[in-house]
1. Could you tell me which of rounded, prolate or oblate describes the range 5-217, using a ≥ b ≥ c as the square roots of the eigenvalues of the alpha-carbon gyration tensor, with rounded for a/c under 1.5 and, failing that, prolate when a/b is larger than b/c and oblate otherwise?
2. Give me the number: length gained by fully extending H159 to D69, i.e. 0.36 nm times residue separation minus the C-alpha to C-alpha distance, one decimal in nm.
3. Among 187-194, 50-57, what's the highest-first ranking by average C-beta atoms within 10 angstrom per residue?
4. About the Cα centre, and with charges only on the beta carbon of Lys, Arg (+1) and Asp, Glu (-1), how big is the dipole of the chain? Nearest 20 debye, please.
5. Relative to a virtual label point 7 Å from the Cα of D146 in the Cα→beta-carbon direction, which members of the range 97-121 show backbone nitrogen distances below 18 Å?
6. Determine the calculated [θ] at 222 nm for the chain from helices alone, applying -39500 (n - 2.57) to every DSSP H run no shorter than 4 residues and normalising by the residue count; nearest 500 deg cm²/dmol.
Amino acid sequence: MSDVVLKYCGCQSKEDLALVANSQATVAGFIFAPSKRRVSPQQVAQWVADVPHEGTMLAGVFVNASEDDIAHVLSFVPLDIIQCHGDESPEQVLLLKKRVNKKIWKAIRHDEQGIATMKQFRQCADAFVIDARVEGAYGGTGVSFDWNTIPAYLEEAKHQQVPCFIAGGITPQNVGKLRAYGVSHIDVASGIEREGKKEKEAIQQLERMIENDENDLS
Ligand SMILES: O=C(O)c1ccccc1NCC(=O)[C@H](O)[C@H](O)COP(=O)(O)O
């Protein structure tokens, strides 16, 4: 697991946060955007106060949110990372970074312009999250994009000297195949969930597959 960085996104309860904090994940994500996983800053403030989470960074996911809205969330929750998962421009990201002084991660929803879009965020983003592009949703869809395009994203991130998370439909069953593309930063929401709750068995299975470099071909 040494070279793998895991982000488990879309925590919706104290129990979800406890599972993530006790897993191999480095980052726990919370959705502050329209979504079935949306949580309030007040809820998350209570969970992070109640659940020991030393060593787990907290990411807030936002979609086209205003600086004021993000600052409002930060007044409740000590987020380490702001993940911009919408159509934010490089200029908006830079202004936001200046205002909140936090790590800013930019999500790019894959399409044929993906690499060109990523290039626009040089010197702006502290990390990238490459996700699937699904009509009518910004993220958390459980859908994968064409993984043959991953090497080009990793190359551009290497050039920018920032981490590049791959997201979208990653599960314990396909994570072995994903790793074969040279991916070390992995972002999962749906693949470790059942009926809206993070699932311990799925988390352990995912981590076992990574640890043992296994590929579930069933
Ligand atoms: O998870 C959501 O519901 C969500 C909603 C709106 C914007 C972003 C969202 N999630 C951001 C993430 O970082 C997810 O981990 C990523 O999209 C992958 O999700 P999944 O395909 O379900 O593993």
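1. Note, shape of the range 5-217 comes out oblate.
2. Extra length available between H159 and D69 comes to 29.2 nm.
3. Packing order, densest peptide first, comes out as 187-194, 50-57.
4. 360 debye
5. Residues passing the 18 Å test: 108-118.
6. Working: 8 runs with 72 residues, N = 218.
Here the helix-only value at 222 nm equals -9500 deg cm²/dmol.
Since every read-out is calculated from the coordinates, none of them should be taken as a lab result. Everything quoted here is computed from the prediction, not taken from an experiment. No Cβ is skipped: glycine too gets one built from the backbone with ideal geometry, and neighbour counts run over all protein chains shown.
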